[in-house]
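K.L.:
Sharing a structure, written as structure tokens. Questions coming.
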Amino acid sequence: MASESTPPSIPLPQAPPLSIPLLGLGVFQSTKTHASVLSALSAGYRHLDTAQIYYNEPATGAAVSEFLKSHPPISRSDIFICSKLWEVDLSLPGMPPDFESMAHPPPGGGVWNTTAARLGYTSYTREEAIKGFNRSLESMGAGIEYIDLYLLHNPRPGPTARLQAWLGLQEIVKSGKAKAIGVSNWSKRHIEELIASEGVYITPAVNQIEFHPWCQHRGLVGYCKEKGIVVVAYSPLTQGTRLGDPVILEIAGRYGKTAAQVVLRWCLQMGVVVIPKSDKEERIKENSELWGWELAGEDMDRITALDEGISGKLGEWDPDAWE
Ligand SMILES: NC(=O)c1ccc[n+]([C@@H]2O[C@H](COP(=O)([O-])OP(=O)(O)OC[C@H]3O[C@@H](n4cnc5c(N)ncnc54)[C@H](OP(=O)(O)O)[C@@H]3O)[C@@H](O)[C@H]2O)c1
């Protein structure tokens, strides 16, 4: 059910008739996921972005169920939940028990074996992908009977692994337990290889990538648009690191908006879905006030000119760098 404050959605051309809300709440590194999801839903958000590796699928699912119970006109189909399969099974013995533990060495020292390369084994197989998806779904609780969008979190375990995992995800769509499937951190080459492979009959509905004025992945975004693959921008606020940019602040001042709102509005006008994270109720609301105004062409151009290409990215995640 839409209300005045409900952000609009756009179609997912590769998963008709499904649409994706243009604004979602990201919950990576959230220290109070349950409360933040409730704040976001109360502020009109209808899209949540979680992942196995965030260790907060249960809190996300529980908050959605609680919100639905207390807001009877709103139904499960009004809310869009995205989660992601990690490259190894985080329920195995010896894995970090929670997100906070990953910041410290495991008991006995060394490093956590949370990557396929370190563990020497991956969940990106046909069978393990199905099991992994079921773990995600079950962890969200009884109120969540399906996931709207399920992603392969990264292409890193390599071509055979990602193809096999994709074949598993296609079966999940057939079962109705996921409405759409997609990828994250994939390059054009990864996607082209996948869709040319035998047995692949679903094109990814989205590619979730780092995207903000300083890292625009122009070639990749253009390719995704051509293919009807919706681009979802992660870290759209640069995790707060570039919001003091003088160009952004000057534009924000003229529009009477905040730097975060200007950056998010620029992403939307670039045709990209945004999933900013915040654990602060007032920022969750601020980040949702993106409609009823727009950036003029010349201001869009000034922000677009801030692109630093791949050197403007925040972390290690360079889609082109992986096999
Ligand atoms: N697929 C992937 O590999 C991948 C990778 C990274 C992220 N993601 C997804 O994308 C989501 C968003 O990315 P992100 O969490 O990396 O970063 P982000 O949304 O760009 O930034 C979040 C940071 O900005 C702060 N912030 C939020 N709103 C603000 C505002 N209005 N003014 C000033 N600061 C503000 C937050 O602090 P407070 O919480 O204190 O407000 C937090 O420190 C994630 O939560 C996750 O769902 C996906």
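K.L.:
In whole percent, what relative contact order does the stretch 136-218 give with Cα contacts below 8 Å and a gap of six or more residues? Mind showing how you got there, number by number?
P.N.:
Values: 90 pairs, mean separation 24.1, N = 83.
Reported as a whole number, the value is 29 percent.
K.L.:
Sticking with this structure for a sec: Report the full-extension gain for the segment GLN269 to ALA296: residue separation times 0.36 nm, less the Cα-Cα distance, to one decimal in nm. Spell out each step's value before the answer.
P.N.:
Working: separation 27, 0.36 × 27 = 9.72 nm, distance 1.00 nm.
Fully extending the segment from GLN269 to ALA296 adds 8.7 nm.
K.L.:
Note the angle between two axes, namely the Cα long axis of helix 126-139 and the longest principal axis of the Cα atoms of the chain, as a number of degrees from 0 to 90, rounded to the nearest 10.
P.N.:
60 degrees
K.L.:
So, one more: Expressed in nm to one decimal, what extension gain is obtained for the pair THR203 and GLU66 from 0.36 nm per residue of sequence separation less their Cα-Cα distance?
P.N.:
On the way: separation 137, 0.36 × 137 = 49.32 nm, distance 3.35 nm.
Additional length available on full extension: 46.0 nm.
K.L.:
By how many nm would the segment from ILE310 to ARG118 grow when fully extended, if each residue of separation counts as 0.36 nm and the alpha-carbon distance is taken off?
P.N.:
Numbers: separation 192, 0.36 × 192 = 69.12 nm, distance 2.58 nm.
Residue separation times 0.36 nm, minus the Cα-Cα distance, leaves 66.5 nm.
K.L.:
Another one. Treating the angle as unsigned and between 0 and 90°, give the value, to the nearest 10°, between the Cα long axis of helix 57-70 and the longest Cα principal axis of the chain.
P.N.:
60 degrees
K.L.:
Then there is this: At a Förster radius of 41 Å, what calculated FRET efficiency corresponds to the Cβ-Cβ distance of VAL111 and LEU243, to the nearest 0.05? Display every interim value, and only then the final one.
P.N.:
Numbers: r = 32 Å, r/R0 = 0.78.
That gives a FRET efficiency of 0.80.
K.L.:
With a point put 7 Å past each Cα toward its Cβ, work out how far SER75 is from SER42 in nm, to one decimal.
P.N.:
It works out to 2.6 nm between the two label points.
K.L.:
Note down the relative contact order for the stretch 209-323 as a percent, whole number, built from C-alpha pairs under 8 angstrom at least six residues apart. Spell out each step's value before the answer.
P.N.:
Working: 125 pairs, mean separation 41.3, N = 115.
Dividing the mean separation by the residue count of the stretch 209-323 yields 36 percent.
K.L.:
Let me ask something else about it. Using a Gaussian network model of the chain whose springs link C-alpha atoms within less than 10 Å, name the residue from PHE67, PHE211, PHE133 with the highest mean-square fluctuation.
P.N.:
The residue with the greatest mean-square fluctuation here is PHE67.
K.L.:
Further, regarding this structure: Using amide H atoms built 1.01 Å from N in the peptide plane, name the residues 5+ places from PHE80, or on other chains, whose amide H lies under 5 Å from its own.
P.N.:
Those qualifying (amide H under 5 Å, at least 5 residues apart or on another chain) are HIS47, LEU48.
K.L.:
Ok, one more. Under the rule of at least 5 residues apart or a separate chain, name every residue whose amide H is placed under 5 Å from the amide H of LEU151.
P.N.:
HN-HN under 5 Å from LEU151: SER83, LYS84, LEU85, GLY182.
Every read-out reported here was derived from the displayed coordinates using simple, explicitly stated rules and does not represent laboratory data. Since we're looking at a predicted model, the values are computed, not measured. No Cβ is skipped: glycine too gets one built from the backbone with ideal geometry, and neighbour counts run over all protein chains shown.
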